[in-house]
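Just so it is clear, none of the values below were taken in a lab; they were calculated from the coordinates. Predicted model only: the values in this text are computed from it and were never measured. FYI the Cβ positions are ideal-geometry reconstructions off the backbone, even for glycines, and counts take in every protein chain you see.
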Amino acid sequence: MTNAQATHTPAFDAIAWSQTCTALSKEARQGAGGSFDMFVENVSWLVNKQLATLPEQHRGGAIEIAAADFNYETAEQLAERKNQSKAAGLCQHGFEPNHCPLGCGDL
Ligand SMILES: [Zn+2]
């Protein structure tokens with residue numbers, strides 16, 4: 001006898017969540033100064049704040065959408081991104097320091 005496990009999750013409103021993420025990514029971009037790394041960090045932080053307001057069963061689906069469509073990264077991924085930038089000699093914003101639009105090379 002097979003035990004077909006019914007995954008009974010209440011409906012998750014993916015469209016509303018996408019709209020929320022669109023607004024968050026707009027906000028994240030404004031604070032990123034043209035840096036993709038900063039943008040990813042901002043959007044992930046903003047999404048995390050929103051995730052905390054969702055029912056727990058919805059968070060998995062919400063993270064999937066945010067990651068697939070809105071550059072959301074987990075804390076581990078963000079840390080990994082920073083390590084890679086550092087190893088490549090890039091500034092904290094993910095640029096060659098002398099080409100950083102936020103002025104790292106001028107300090
Ligand atoms: Zn920089």
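General remarks:
- The charge dipole of the chain, taken about the Cα centre with unit charges on the Cβ atoms of Lys, Arg (+1) and Asp, Glu (-1), comes to about 100 debye, rounded to the nearest 20.
- Helix-only mean residue ellipticity at 222 nm for the chain, each DSSP H run of n ≥ 4 adding -39500 (n - 2.57), per residue, nearest 500: -18500 deg cm²/dmol
- Cβ-based net charge around Asp37, under 12 Å, with every Lys or Arg adding one and every Asp or Glu removing one: 0
- One chain, two ends: Ala23 and Glu64. Fully extended at 0.36 nm per residue, the span grows by 13.1 nm beyond their Cα-Cα distance.
- The chain: angle of helix 75-87 to the longest principal axis, Cα-based, in degrees nearest 10: 20
- Each Cα pair under 8 Å and six or more residues apart adds its separation to the average, and for the range 12-106 the resulting relative contact order is 28 percent.
- With θ taken as phi - 60° and the Karplus curve 6.51 cos²θ - 1.76 cosθ + 1.60 applied, the whole-hertz 3J(HN,Hα) list for the range 42-58 is 4, 5, 5, 5, 5, 5, 4, 4, 5, 4, 5, 8, 8, x, 4, 5, 8 Hz, x standing for glycine and proline.
- Rounded to the nearest 10 degrees, the inclination of helix 14-30 to the longest alpha-carbon principal axis of the chain is 10 degrees.
- Partner aspartates and glutamates for Lys26 [C-alpha distance under 20 Å; skip if fewer than 8 residues away on the same chain]: Asp37, Glu41, Glu64, Asp69, Glu73
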